[in-house]
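The values are calculated or read from the model by the stated rules, or taken from the named source; none is laboratory data. This one's a predicted model, so the numbers in the text were calculated from it and none came from an experiment. Glycine gets a Cβ as well: all are built from the backbone with ideal geometry, and neighbour counts include every protein chain shown.
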Amino acid sequence: MLAKLRSLASDTAIYGISTILGRFLTFLLTPIYTNYVTQAELGDTAYLYAMIAFVNVVYSCGFDSAFFKFFRSDSKSIESIEHNRSVFAHAQMGIAVISTAATLILCAFPEKFASVLGLRHIAPMLIYAALIAFFDALVLVPFAALRMESRSKRFAALKFSVILFSVVANLVLVVKMQMGIRGIFLAGLLSSFAGVLLVLPEFARYVFRGRISFDAALFRDLWRFGLPTVPAAFSAMMLQVIDRPILKIFVDSASIGLYQANYRLGIPMMLAVTVFEYAWKPFYLRETSRPASRKQRRATHAMLARVLTYFTVVCGIVFLAASLLIEYLVRMPFLGGRFVNSAYWSGLSMIPIVLGAYYFNGLYANFAACVYIRKRTKYLPRITGMAALANIGLNFLLIPQYGIWGAAWATLGAYMLSAAQMYRLTRKIYPLRYEWRRVALAVSLCLAIFVVAIFSTKGMALGSGFLARCAWILVYPLFLLALGFFKSEEAALLNLSSKQNTPT
């Protein structure tokens, strides 16, 4: 079990290092924006990018998810290679047709769509947004192919390159040329187009290496599998970004900008969940698709369940580090002033809420494995739909009274509901014996340390407070060890690793 989990950890590390580096570069855009564009412009950017997120779901239409399921990763035979080429071509064709048609419509009537969205003052930005979504859609299947082939290094390198290009473009257009919101969207468009150019070799490997005949049955199967995931993906996107459009009903663009800047400071937990998901989906699909005896299946089930335990411990460390140290980070010097402009510091208290929401999103991703293993994607729309409706209801209930903090609490509540509903489903279709006592211990200890650290360092000078909170973060794994959290084989592995790292 531990050997296979190390394999998952290895892929996660590759995805993780590149994604962390890339997202850190993206994270640098937050202080750039807070120092070089107005709060209102940042609010409009957040609102329009929320719309792009919904458009992305429409453009993909589930063909990327279908590609994962129909791709054969267990054989290198000529038949499997040709099958995978056909799956790639048909999935890509579906996305290309839908995204092209939708992009043409959006670009033909930008003023009308801008009027509906309440963005008439930045109507030209809708053309940029439509093209960003279009180019992003074209790279979905090539990147999915790299993941299913376990070519994590190339996947990571390409993703990192796109992000690096985006950051450089923002530095030129927003910082140097002072183009404001137009510079933000032009940089996004250029980086999305660069992503298409970078994956051209994948198109060459799959599509241009020999003739591929249209297979109506395969296309229908991809459509039937992928289409039920669209409402679920749409609902999942509502969980992530619906708060911005609702905020626009009750508050001004400047308040949305304040919310967006602080929400993005929750990026450490988002990174933890994202890099895990990149490696998690191919991992459980590979492990459960192989022929196995009853004993091997039991071992696989135990392994899948234990992943949740390790995931929780890592998230506990991330939560403590991010929530306890963020107020020191924002005060660091940066381009244009502080790392985050002081005008945004009033929203820092929402960051622990956002971190908690991302953790429950990670729980949902853990439990969702059972749905894909059992091919029960038809349940996804119901679960995510209920959570999305809850998110909408909570936003309308809490924002009028609590403002942007109400939106943060609504997001946390919705993610908790989605995780609970997905877990309930797993108990019926693919029950795993999760180690709930260990998970509860890890979560409880994390929250206890967080509360004690906050109150014990209140009023301290910046330097001493920072060091004290760092000490509390280090206490977390030590307390887990002292409380007997780690099992014997885990302790033995940790001991072995320690001996290997000790100089002789």
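Which of the following residues is buried (at least 21 other Cβ atoms within 10 Å of the Cβ) and either modelled with pLDDT of 95 or more or touching a helix residue (DSSP H, G or I) at 6+ places or on another chain (Cβ under 6 Å) (or both): Tyr415, Tyr423? Reasoning before the result, please.
Numbers: Tyr423 fails: buried (at least 21 other Cβ atoms within 10 Å of the Cβ).
So the residue among Tyr415, Tyr423 that is buried (at least 21 other Cβ atoms within 10 Å of the Cβ) and either modelled with pLDDT of 95 or more or touching a helix residue (DSSP H, G or I) at 6+ places or on another chain (Cβ under 6 Å) (or both) is Tyr415.
Condition first: under 29 Å from Leu247 (Cβ atoms) and aromatic (Phe, Trp, Tyr). Now tell me which residues in the range 96-148 satisfy that.
Phe109, Phe113, Tyr128, Phe134, Phe135
Report, ordered by the first and then the second residue, all pairs with beta carbons closer than 7 Å, sequence separation of six or more or different chains, a first member in the range 288-308 that is under 12 Å from Tyr430 (Cα atoms) and at pLDDT 80 or above, and a second member that is in a helix (DSSP H, G or I) and aromatic (Phe, Trp, Tyr).
That search, which allows pairs on different chains as well, returns Leu304/Tyr284.
For the range 67-88, state whether one or more residues are under 25 Å from Leu239 (Cβ atoms), modelled with pLDDT of 90 or more and touching a Leu at 6+ places or on another chain (Cβ under 9 Å). Break it down into steps so the answer makes sense when it comes.
Residues of the range 67-88 that are under 25 Å from Leu239 (Cβ atoms), as a first pass: 67-69.
Next, only the ones that are modelled with pLDDT of 90 or more stay: 67.
Those left that are additionally touching a Leu at 6+ places or on another chain (Cβ under 9 Å): 67.
Within the range 67-88, one or more residues are under 25 Å from Leu239 (Cβ atoms), modelled with pLDDT of 90 or more and touching a Leu at 6+ places or on another chain (Cβ under 9 Å).
What's the total number of residues in the range 210-264 that are part of a helix (DSSP H, G or I) and among the acidic types (Asp, Glu)?
Looking only at the range 210-264, we keep the residues that are part of a helix (DSSP H, G or I), and these are 216-226, 229-241, 243-250, 253-264.
Cutting the leftovers down to among the acidic types (Asp, Glu) gives us 221, 243.
Result for the range 210-264: 2.
Take the residues in the range 452-480 that are of a type in the set (Ser, Thr, Tyr) and either outside any helix (DSSP H, G or I) or in contact with a Gly (Cβ under 8 Å, 6 or more places away or on another chain) (or both); name whichever of them is surrounded by the fewest Cβ atoms within 10 Å (Cβ to Cβ).
Here is the first cut: in the range 452-480, the residues of a type in the set (Ser, Thr, Tyr) are 456-457, 464, 476.
Okay, now just the ones that are also either outside any helix (DSSP H, G or I) or in contact with a Gly (Cβ under 8 Å, 6 or more places away or on another chain) (or both), so 457, 476.
Numbers: Thr457: 18, Tyr476: 22.
Selected residue: Thr457.
Does the range 440-451 contain at least one residue that is modelled with pLDDT under 95 and either assigned to a loop (DSSP other than H, G, I, E, B) or more than 24 Å from Met303 (Cβ to Cβ) (or both)?
If we filter the range 440-451 for residues that are modelled with pLDDT under 95, which is where we start, we get none.
No, the range 440-451 contains no residue that is modelled with pLDDT under 95 and either assigned to a loop (DSSP other than H, G, I, E, B) or more than 24 Å from Met303 (Cβ to Cβ) (or both).
Give the residues of the range 173-218 that are among the polar types (S, T, N, Q) and buried (at least 16 other Cβ atoms within 10 Å of the Cβ), sorted by residue number. First the steps, then the outcome.
If we filter the range 173-218 for residues that are among the polar types (S, T, N, Q), which is where we start, we get 178, 191-192, 213.
Scanning the range 173-218 gives Ser191, Ser192.
Please give the number of the condition Leu2 fails out of (1) among the hydrophobic types (A, V, I, L, M, F, W, C); (2) under 24 Å from Ala232 (Cβ atoms); (3) at pLDDT below 75.
(2)
What number of residues in the range 362-382 are small (Gly, Ala, Ser), under 18 Å from Ala66 (Cβ atoms) and either in contact (Cβ under 8 Å) with a residue 60 or more places away in the chain or not in a helix (DSSP H, G or I) (or both)? Show your work before the answer.
Narrowing the range 362-382 to residues small (Gly, Ala, Ser): 362, 365, 368-369.
Adding the requirement that they be under 18 Å from Ala66 (Cβ atoms) leaves 368-369.
From what's left, either in contact (Cβ under 8 Å) with a residue 60 or more places away in the chain or not in a helix (DSSP H, G or I) (or both): 369.
Residues that pass the stated criteria total 1.
Ala108 - would you say it is at pLDDT 90 or above and over 29 Å from Val275 (Cβ atoms)? Don't jump to the end; show me each part of the working.
Values: at pLDDT 90 or above: yes; over 29 Å from Val275 (Cβ atoms): yes.
It is true that Ala108 is at pLDDT 90 or above and over 29 Å from Val275 (Cβ atoms).
Taking the options Leu412, Leu397, Leu417, name whichever one is free of Cβ contacts under 8 Å to residues at least 24 places away in the same chain and closer than 19 Å to Ile246 by Cβ.
On the way: Leu412 fails: free of Cβ contacts under 8 Å to residues at least 24 places away in the same chain; Leu417 fails: free of Cβ contacts under 8 Å to residues at least 24 places away in the same chain.
Of the residues listed, the single one that is free of Cβ contacts under 8 Å to residues at least 24 places away in the same chain and closer than 19 Å to Ile246 by Cβ is Leu397.
Sort out which residues of the range 23-74 are more than 21 Å from Ala101 (Cα to Cα) and hydroxyl-bearing (Ser, Thr, Tyr), and write them in order of number.
Answer for the range 23-74, where residues must be more than 21 Å from Ala101 (Cα to Cα) and hydroxyl-bearing (Ser, Thr, Tyr): Thr26, Thr30, Tyr33, Thr34, Tyr36, Thr38, Thr45, Tyr47, Ser73.
So Leu198 clears everything in (1) closer than 30 Å to Asn262 by Cβ; (2) touching a Leu at 6+ places or on another chain (Cβ under 7 Å) except one condition, right? Which one?
Only one criterion is unmet by Leu198, namely (1).
Among the residues of the range 74-122 satisfying the criterion of being assigned to a loop (DSSP other than H, G, I, E, B) and out of contact with any helix residue (DSSP H, G or I) (no Cβ under 7 Å at 6 or more places or on another chain), which is nearest to Asn56 (Cα to Cα)? Before the answer, list the steps.
Of all residues in the range 74-122, those assigned to a loop (DSSP other than H, G, I, E, B) come to 74-77, 109, 118-119.
Next, only the ones that are out of contact with any helix residue (DSSP H, G or I) (no Cβ under 7 Å at 6 or more places or on another chain) stay: 75-77, 109.
Values: Ser75: 32, Lys76: 32, Ser77: 34, Phe109: 18 Å.
Result: Phe109.
Within the range 361-382, track down each residue that is surrounded by fewer than 22 Cβ atoms within 10 Å (Cβ to Cβ) and closer than 21 Å to Leu432 by Cβ. First the steps, then the outcome.
Within the range 361-382, the first condition is being surrounded by fewer than 22 Cβ atoms within 10 Å (Cβ to Cβ), and the residues that meet it are 365, 371-379, 381-382.
Hits for the range 361-382 are Ala365, Val371, Tyr372, Ile373, Arg374, Lys375, Arg376, Thr377, Lys378, Tyr379, Arg382.
Any idea which residue in the range 418-429 is farthest from Ala236 (Cα to Cα), counting only those that are touching a Leu at 6+ places or on another chain (Cβ under 9 Å) and either not in a helix (DSSP H, G or I) or not small (Gly, Ala, Ser) (or both)?
Thr426
For Lys281, indicate whether it is in a helix (DSSP H, G or I), under 25 Å from Ala442 (Cβ atoms) and among the charged types (D, E, K, R). Break it down stepwise before answering.
Working: in a helix (DSSP H, G or I): yes; under 25 Å from Ala442 (Cβ atoms): yes; among the charged types (D, E, K, R): yes.
Judged against the criteria, Lys281 is a match.
Among (1) surrounded by 15 or more Cβ atoms within 10 Å (Cβ to Cβ); (2) touching a residue at least 24 places away in the same chain (Cβ under 8 Å), there is one condition Leu483 misses while meeting the rest; what is its number?
(1)
Only one of these is within 20 Å of Thr26 (Cα to Cα) and modelled with pLDDT of 90 or more: Phe367, Phe319. Name it. Quick ask: steps written out before the conclusion?
Details: Phe367 fails: within 20 Å of Thr26 (Cα to Cα).
It is Phe319.
Got at least one residue in the range 322-334 being closer than 30 Å to Lys69 by Cα and either among the hydrophobic types (A, V, I, L, M, F, W, C) or not in a helix (DSSP H, G or I) (or both)?
Applying the first criterion (closer than 30 Å to Lys69 by Cα) to the range 322-334 yields none.
No, the conditions are met nowhere in the range 322-334.
Between residues in the range 433-449 that are farther than 13 Å from Pro477 by Cα and residues that are surrounded by fewer than 17 Cβ atoms within 10 Å (Cβ to Cβ), which pairs lie under 8 Å by C-beta distance while being six or more apart or on different chains?
Close Cβ pairs (under 8 Å, with a partner that is surrounded by fewer than 17 Cβ atoms within 10 Å (Cβ to Cβ)) amount to Arg433/His301; Arg433/Ala302; Arg433/Ala305; Tyr434/Ala305; Glu435/Ala305.
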